Amino acid sequence: MRLKLLNLFCGWVVVFPALVTALSVSDVLEIIESIVDCATCHAALIPLQGLALLGDDAFSDVLIGVCDVSGLEDADVCSGLMTRLGPIIAHDLRSIDALDQTAGRLCDALFGFCASKTPNSFTVPLPSPVAPISPPSTPTTRGTPFQVVHISDVHIDRDYTVGSEANCTKPICCRNFADEAGDPITDPAQPFGNQRCDSPAVLSNSMLEALNSFNAKFVMSTGDVVAHDIWLTTQDEVTSNLNDFNSDILSKIKSQMFPGFGNHDVTPVNAFPRNTTTTANVQWVFDLQSTDWEPMIGSAASQQVDHISGSYAAPVPDTNLIILSINTQYWYRLNFWLYDSDTFQPDPNGVLAFMVEQLQAAETAGKKVWIIGHIPPGVSDTTEDQSNYYDQVIQRYKDTIAGQFFGHTHLDQFEIAYSDYSHQTAANAVGVGFICPALTPTSGNPAFKVYDVDPDTYGLMNIRVISANLTDPTFQENPTWSLYYDAREVYGSLVGLPATSELTPAFWHNLTEVFAANETAFQLYNTFLSRGGNVAPCNDTDNCRSNTICDLRALRAQNNCDVDEGLASLTRRTEEGVRKATTSQCEGVEIREIFAEIQRKSKE
């Protein structure tokens, strides 16, 4: 492999004799066009390293030019995005060996090559149980369930402007963009939102007020407060947006709130440097949320937010339950700060160690734990290494962990963990990650979840999805938040769920068996993903159905069926398809999609 890479490197030397000289936009376009597999990606990093050595500005300026040539984004979007992310990528390139593993991971994040489903071997240090743990028994009688509300991905656009263009050329619309001044409005933004736009503040406030009708014991928010204007965000803007939402929570929600970080809750987007990085940190956002969250989670937990990783553990009053909030952005493939060292770091910022510490304390005290985080451990966005290590933790503490809750995908989903992933059966199902749909209308109808919780076991007895229909004639006057579906009623009837049974991991596995055998049942789930809005077709002509079921059975990323095929797979898409990818539900704009469009154009 190294010999092949060195030969490729020699080829680049012929083309660019002085690698530590400025590469032009056309040079970098040629480099991108040359990437066809992992080896050529490693080789391509070498001249890019030379460009990075000339400084952040030189590197970012060339990336801006590349983005402009792609034609996928307006000039201001290209400039703002690359000005923010370019310096991080340049720092990575200056810090690593282009032929080493970290470079391969960077290739995967930027170009979709060198992906691996095989994590680095690492055993998480785990204390043995103090005494043998017996599996929890099913109660003979159950107390009255209490309610918990789960919200996520609100993505509030504080600059949303009623009457502005909703059908614009930016990643999000419904704003007064300077370069659109004077253009005729073709689709005026309505008061409560549009599917091409993030949430106006009035939509968020409407949802927060609707939560109170459920008299929830507590509310969980699994991150992503800030809008998708990632080419414009500043520290002042993010600070203001987070402060405003925290104030809204405290003034409008009557129940206790347990919040968490999302990958958009910082600037640049996704950018959470590890504590081994000496050139940057995001202590400012930890300080901010530590202060703002203290009235919600208490002083001890707020101090953990400030000094560990943005993670914390907090007890739920009058219960035997602990909320363990983890900052999953240190395991996020598009956090480019993860690629600035060739030293393998199995536990960035000690998130796993913190989990183990808190879970062990809960086990010793006989308490139950709910884990909340932003990015689900099984999705393709999560690094296989840390997902595997997370799985080791939940396997050890499976009898202490009563629930796992995430957001990020903007869809209504679930992922199952197994004690033996080689034999995925109901008997081997040991945990479920429940994924909350988003408020932002970009992913379908705005929604949140309500859980009915057993007061003794803290397992889920039911899940109800509450949604507001964008096409309802009254939506723009005052959204109506109503039941979209009842999981026990709809899914329970498909599986034959006993009246007193919890929604156990075995239940969710059996449901996937129904989806595999019953096309109608699967299509119902596919419709539920986006709450009936912008439903994407999914069948087995392109393996969509089988891959979706595979992903439902993968709370561990190495077991999902999402395989990176590199830029070449993206070049087969139509221009409209690529555009939709760049305005993906979570990210808004992805550098990889811009590079893919460069390759597509080179083949025309």
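What follows is calculated from the coordinates using simple rules that are stated; it is not laboratory data. Small disclaimer: the values here were computed from a predicted structure and weren't measured. Quick reminder, even Gly has a Cβ in these numbers, built from the backbone with ideal geometry, and neighbours come from all protein chains shown.
For this structure, a couple of remarks:
- When each of 257, 82 is scored by the number of other beta-carbon atoms lying within 10 Å, the sequence from fewest to most is 257, 82.
- Each of residue 123 and residue 161 was given a label point 7 Å from its Cα along the Cα-to-Cβ line. The distance between the two points is 6.1 nm.
- Pairs of Cα atoms nearer than 8 Å and 6+ residues apart set the relative contact order; for region 50-181 it is 17 percent.
- For residue 220, the residues 5 or more places off, or on other chains, whose built amide H falls under 5 Å of its own are 149, 150, 151, 258.
- Calculated FRET efficiency, residue 474 to residue 357, Cβ-Cβ distance, R0 = 35 Å: about 0.10 to the nearest 0.05.
- Residue 280-residue 544 pseudo-label distance in nm [points 7 Å out on the Cα-to-Cβ vector]: 3.6 nm
- Here r is the Cβ-Cβ distance between residue 254 and residue 517 and R0 is 51 Å; the resulting FRET efficiency, rounded to 0.05, is 0.70.
- The amide H of residue 432, built 1.01 Å from its N in the peptide plane, has 404, 417 as neighbours under 5 Å, considering only residues 5 or more places off or on other chains.
- Using a simple spin-label model with pseudo-atoms 7 Å out from Cα toward Cβ, residue 563 and residue 94 lie 3.9 nm apart.
- Annotation: extensible slack from residue 287 through residue 56 equals 80.4 nm (criterion: 0.36 nm per residue apart, minus Cα-Cα distance).
- The relative contact order of the chain, computed from alpha carbon pairs under 8 Å that lie at least 6 residues apart in sequence, is 16 percent.
- With the alpha-carbon atoms of region 104-180 aligned to their principal axes, the span from lowest to highest coordinate is 67, 49, 18 Å, starting with the largest.
- Computed helical MRE - 222 nm, the chain, DSSP H runs ≥ 4 contributing -39500 (n - 2.57), nearest 500: -12000 deg cm²/dmol
- Using the Karplus relation 6.51 cos²θ - 1.76 cosθ + 1.60 with θ = phi - 60°, the per-residue 3J(HN,Hα) values for region 510-516 come to 4, 5, 5, 5, 5, 4, 5 Hz, with x marking Gly and Pro.
- Scalar couplings 3J(HN,Hα) for region 40-50, obtained by applying the Karplus form with A = 6.51, B = -1.76, C = 1.60 to θ = phi - 60°, are 5, 5, 4, 5, 5, 5, 5, x, 5, 4, x Hz; x denotes Gly and Pro.
- Coupling constants for region 533-539 follow from the phi torsions by the Karplus curve (6.51 cos²θ - 1.76 cosθ + 1.60, θ = phi - 60°), and in residue order they are x, 6, 5, 8, x, 8, 9 Hz; glycine and proline get x.
- Viscosity 1.306 mPa s, temperature 10 °C, Stokes-Einstein D of the chain from Kirkwood C-alpha radius, µm²/s: 64 µm²/s
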